[in-house]
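Novice: A single structure is presented below for examination.
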Amino acid sequence: CMEAGRPVEAEMKYRLLEQDECPAVNTCEPEVPSFTASRVSQYSCQRKTTLNNFNKKFTDAFEIMAENYEFKENEIFSLEFLRAASVLKFLPFPVVRMKDIQGLPCMGDQVRDIIEEIIEEGESSRVKDVLNDERYKSFKQFTSVFGVGVKTSEKWYRMGLRTLEEVTAEKTLKLSKMQKVGLLYYEDLVSCVSEAEADAVGLVVKKAVHTFLPDALVTLTGGFRRGKKIGHDIDFLITNPGPREDDDLLHKGLLLYCDIIESTFVKEQRPSRNIDAMDNFQKCFAILKLYQPRVDSESQSTSEEFDMAEVKDWKAIRVDLVISPFEQYAYALLGWTGSKQFGRDLRRYANHEKKMMLDNHALYDRRKRIFLKAGSEEEIFAHLGLDYVEPWERNA
Ligand code: DCT
Ligand code: MG
């Protein structure tokens, strides 16, 4: 992963230019822009990654490997697989032979071995081993609960617990409030959030916010802003132009759970060096009650009419609300739009290639010792000397 190449996009543009300069139109063949692997940047922020993934077979395998290493707290190996997945997500063709990955960045030995297995056998024995691994299976179940991370999973696993049934049956466990609601609404929360649900929640959130702050900007961020059709939650960024008065945004009734994290932002504080650090915005990891009229089948309603009163006509949905001061809005938007890998690479690129520090609040130029202001995402890319990448091209 050492080479910081020129993005392929640049070469494509170059080739298109050449075509346009052809003197006689009919002598020009509509040539598919050739792909130069060695020009692919190791940084996903210099690549355009849409949701059109030609290599899902491989990237799914890598993400399982990465997750298993995350469960083992092996960040280096986890990142190795995440970076490789990100490169293959960007590739404009499916990999069918080893030659296809020649010259690409982030293709280490572990990664190549798995690609080779999948090309030859159609699947990877290493990935299968992970999927069958007891520890992986338990951690996968545990971390699917809202409020449970690797640390808690580790603790439960060491206690001998293996399944969520065992966790709920273990009455001596001291669960956090977050974990309790995580288990209470488990079925709803593990089922994905649809685009329609995201739109519906968007209306509810906007209405609630505008009751308190009529001028506030409420922007959908996260995966849905990148064009994803489903997600595990819905992310919103809220900012209010004008005087600051950002407390108490979130109100009663609709909120099944709300964990408000107060802002810990200190003015003039430089961006954190920790690439995966949390930001300091006031935020609320909430679970919202979304009412959905049930479409019942005839047979159900006749035989079980009595139960109808108890039929659940709502779904619990995870919503992240992040509140940013207006001057930091562009940085917050860039950070919270993701993808996580895209954000990581942006910070790594800023740090290593530009001697700048980027986080969800600001961009700091270490050489000039100044903060660089930005009113839009475009300006941040420009500060970093990067071509602009649209949100739907940030699915790295
Ligand atoms: N993010 C961040 N700081 C955090 C958490 C998240 O900057 N402490 C960014 C990175 C991605 C983005 O916010 C949204 O996070 P998720 O909701 O976890 O990811 P997603 O891309 O929206 O995917 P999903 O569909 O699973 O919600
Ligand atoms: Mg999300």
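The values are calculated or read from the model by the stated rules, or taken from the named source; none is laboratory data. On a predicted model such as this, the values are computed, not experimentally measured, just so you know. No Cβ is skipped: glycine too gets one built from the backbone with ideal geometry, and neighbour counts run over all protein chains shown. Protein only, heavy atoms only, side chains kept; ligands, DNA and RNA dropped before computing areas. Shrake-Rupley method; radii C 1.70, N 1.55, O 1.52, S 1.80 Å.
Novice: Taking helices (runs of 4 or more DSSP H) that fall entirely within segment 40-159, which contain at least 2 residues that are under 26 Å from MET178 (Cα atoms) and at pLDDT 95 or above?
Specialist: Numbers: elements: 56-71, 75-90, 109-121, 125-132, 134-143, 150-158.
Answer list for segment 40-159: 56-71, 134-143, 150-158.
Novice: Restricting to segment 216-227, name every residue that is farther than 17 Å from GLN328 by Cβ and surrounded by fewer than 19 Cβ atoms within 10 Å (Cβ to Cβ). Working first, answer last.
Specialist: Taking segment 216-227 as the starting set, the residues that turn out to be farther than 17 Å from GLN328 by Cβ are 220, 222-227.
If the condition is that a residue be farther than 17 Å from GLN328 by Cβ and surrounded by fewer than 19 Cβ atoms within 10 Å (Cβ to Cβ), then GLY227 is the only one that fits.
Novice: Step by step: first the residues of segment 194-229, then only those that are more than 10 Å from ligand 2 (Cβ to nearest atom) and among the β-branched types (Val, Ile, Thr), then the one that is modelled with the lowest pLDDT. Which residue is that?
Specialist: Per the criteria, the residue is THR211.
Novice: Within segment 230-241, track down each residue that is within 16 Å of ligand 2 (Cβ to nearest atom) and either at pLDDT below 95 or touching a Ser or Thr at 6+ places or on another chain (Cβ under 7 Å) (or both). Talk me through it step by step, then tell me what you get.
Specialist: In the first step, residues of segment 230-241 are kept if they are within 16 Å of ligand 2 (Cβ to nearest atom); the result is 230-238.
ILE230, ASP235, PHE236, LEU237, ILE238 - these are the residues of segment 230-241 that are within 16 Å of ligand 2 (Cβ to nearest atom) and either at pLDDT below 95 or touching a Ser or Thr at 6+ places or on another chain (Cβ under 7 Å) (or both).
Novice: Which residue is farthest from SER324 (Cα to Cα), if the candidates are limited to segment 197-234 and must be more than 16 Å from ligand 1 (Cβ to nearest atom) and of a type in the set (Gly, Ala, Ser)?
Specialist: Result: ALA200.
Novice: Something else: What are the residue pairs meeting all of these: first residue in segment 311-337, first residue under 20 Å from GLY202 (Cβ atoms) and polar (S, T, N, Q), second residue within 16 Å of ligand 2 (Cβ to nearest atom) and open to solvent by less than 30 Å² (accessible area, probe 1.4 Å), Cβ atoms under 7 Å, and 6 or more apart or on different chains?
Specialist: SER324/LEU237; SER324/PHE281; SER324/ALA332; THR337/THR221; THR337/GLY222; THR337/ARG226; THR337/PRO391; THR337/ARG394
Novice: Further, regarding this structure: Filter segment 360-390 for residues that are in contact (Cβ under 8 Å) with a residue 24 or more places away in the chain, over 25 Å from ALA85 (Cα atoms) and either within 16 Å of ligand 2 (Cβ to nearest atom) or among the β-branched types (Val, Ile, Thr) (or both) and give the result.
Specialist: ILE380
Listed here are the residues, each with its yes/no results for (1) out of contact with any strand residue (DSSP E or B) (no Cβ under 9 Å at 6 or more places or on another chain); (2) open to solvent by less than 40 Å² (accessible area, probe 1.4 Å); (3) closer than 22 Å to LYS315 by Cα; (4) not hydrophobic (A, V, I, L, M, F, W, C).
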| residue | (1), (2), (3), (4) |
| --- | --- |
| GLY147 | no, yes, yes, yes |
| THR172 | yes, no, no, yes |
| SER191 | no, no, yes, yes |
| GLU197 | no, yes, yes, yes |
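Novice: Also, I was wondering about something else. When residues of segment 338-359 are filtered for being buried (at least 23 other Cβ atoms within 10 Å of the Cβ) and within 14 Å of ligand 2 (Cβ to nearest atom), how many remain?
Specialist: So the count comes out to 2.
Novice: I'd like the full set of residues that are more than 14 Å from THR143 (Cα to Cα), modelled with pLDDT of 95 or more and in contact with a Phe, Trp or Tyr (Cβ under 9 Å, 6 or more places away or on another chain), limited to segment 172-183.
Specialist: Correct list: LEU173 only.
Novice: Can you tell which of LEU256, LEU290 is modelled with pLDDT under 80 and within 19 Å of ALA316 (Cβ to Cβ)? It would help to see each step written out before you state the result.
Specialist: On the way: LEU290 fails: modelled with pLDDT under 80.
So the residue among LEU256, LEU290 that is modelled with pLDDT under 80 and within 19 Å of ALA316 (Cβ to Cβ) is LEU256.
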